[in-house]
Amino acid sequence: MLTQEKKTFTDEPVRLNKFLSDAGYCSRREADRLIGAGRVTVDGQTAAVGEKIFPSQIVCVDGRAVECESERVLLSFHKPRGVVCTTDTTWGDTTIYDLIDYPKRVFSAGRLDKDSEGLLLMTNDGDLVNKIMRAANYHEKEYLVSVDREIRSDFLQNLSEGVYLKELNVRTRPCSVFPVDKRRFRIILTQGLNRQIRRMCGVFGYRVTRLIRLRVMNVELGDLKPGAYRPLTTEETAALLKQVSR
């Protein structure tokens, strides 16, 4: 079943970044970047970061009007290896937006680096993206990891206890780790630091040779083929919305 729900938008003033997020144009963080770069106008005037507007005002990005979407879209997408999660085509990379031919503008709830593959949730609901990505919510993401040499039991134990990442000056949260075979394991994280799993493995001298995200919260990659997407089912959406509302 297609997962498209009516969203309601208030007539009260809202922050401009929230308006762009609710409109399904981009995340709030990206909206602030666009506003700061002078690419957003409100009623013909260059907007300021933190500005509040009424939904009836005319908002444009790069001269093109942005209108609020009336329906929520939620997709499960299998990002292939070698594809980037950005709209920046400076380096000639294939982006996820080159692969997703969807009639409405959608963007990803979180990212996978270029060398990683697997499940991305795509939506036009910026508030939902913020709730999914908020580290304080401890939402689970599960990965299948292949490394370049045989796995030692103490390696998995060390990963599960949390790892200090010097380059980020942070210790990762304790996590669940399960062996699969001699060179593969599954790991469940509740945070999303930059290249976290690769950095964690690197601390112990292991190099990740393949990284696949299998699950985000209650949504599983399943047998979805690389480059393909599907709408979330009604049941998946209800369970996901219940988790982010806690």
Residues of the range 139-171 that turn out to be outside any helix (DSSP H, G or I) and either charged (D, E, K, R) or more than 30 Å from residue 240 (Cβ to Cβ) (or both), as a count: 14
The range 165-188 residues that are free of Cβ contacts under 8 Å to residues at least 12 places away in the same chain and farther than 22 Å from residue 150 by Cα, paired with ones that are of a type in the set (Phe, Trp, Tyr) and loosely packed, with under 13 Cβ neighbours inside 10 Å (beta carbon under 8 Å, 6 or more apart): 171/164
Single match in 39, 28 (criterion: buried (at least 17 other Cβ atoms within 10 Å of the Cβ) and either basic (Lys, Arg) or over 25 Å from the mean Cα position of the chain (by Cα) (or both)): 28
Test: residue in the range 117-138 that is acidic (Asp, Glu), more than 25 Å from residue 229 (Cβ to Cβ) and part of a loop (DSSP other than H, G, I, E, B): no
Complete set of residues in the range 185-226 that are assigned to a strand (DSSP E or B) and more than 19 Å from residue 113 (Cβ to Cβ): 219, 220
Restricting the range 229-246 to residues that are hydroxyl-bearing (Ser, Thr, Tyr) and within 16 Å of residue 131 (Cβ to Cβ), the residue that is most open to solvent (accessible area, probe 1.4 Å): 245
In the range 65-98, the residues that are out of contact with any strand residue (DSSP E or B) (no Cβ under 9 Å at 6 or more places or on another chain) and over 29 Å from residue 230 (Cβ atoms): 90
Odd one out for residue 154 among (1) without any contact (Cβ under 8 Å) to a residue 40 or more places away in the chain; (2) within 20 Å of residue 28 (Cα to Cα); (3) among the acidic types (Asp, Glu): (2)
Of all residues making up the range 125-165, the number that are touching a helix residue (DSSP H, G or I) at 6+ places or on another chain (Cβ under 7 Å) and either farther than 30 Å from residue 19 by Cα or open to solvent by 30 Å² or more (accessible area, probe 1.4 Å) (or both): 10
Selection from the range 181-192 of residues that are open to solvent by 50 Å² or more (accessible area, probe 1.4 Å) and either farther than 20 Å from residue 218 by Cα or at pLDDT 95 or above (or both): 181, 182, 183, 184, 186
Count - residues of the range 44-101 that are under 20 Å from the mean Cα position of the chain (by Cα) and in a loop (DSSP other than H, G, I, E, B): 14
From 71, 30, residue being under 14 Å from residue 124 (Cα atoms) and at pLDDT below 85: 71
Any hit, the range 213-228, residues being open to solvent by less than 40 Å² (accessible area, probe 1.4 Å) and in contact with a Gly (Cβ under 7 Å, 6 or more places away or on another chain): yes
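The values are calculated or read from the model by the stated rules, or taken from the named source; none is laboratory data. The structure displayed is predicted, hence computed values, not measured ones. Note that each Cβ is placed from the backbone with ideal geometry, even for glycine, and that neighbours are counted across all protein chains shown. The protein model used for the area step is the full one, side chains on, heavy atoms only, and it has no ligands, DNA or RNA in it. Shrake-Rupley method; radii C 1.70, N 1.55, O 1.52, S 1.80 Å.
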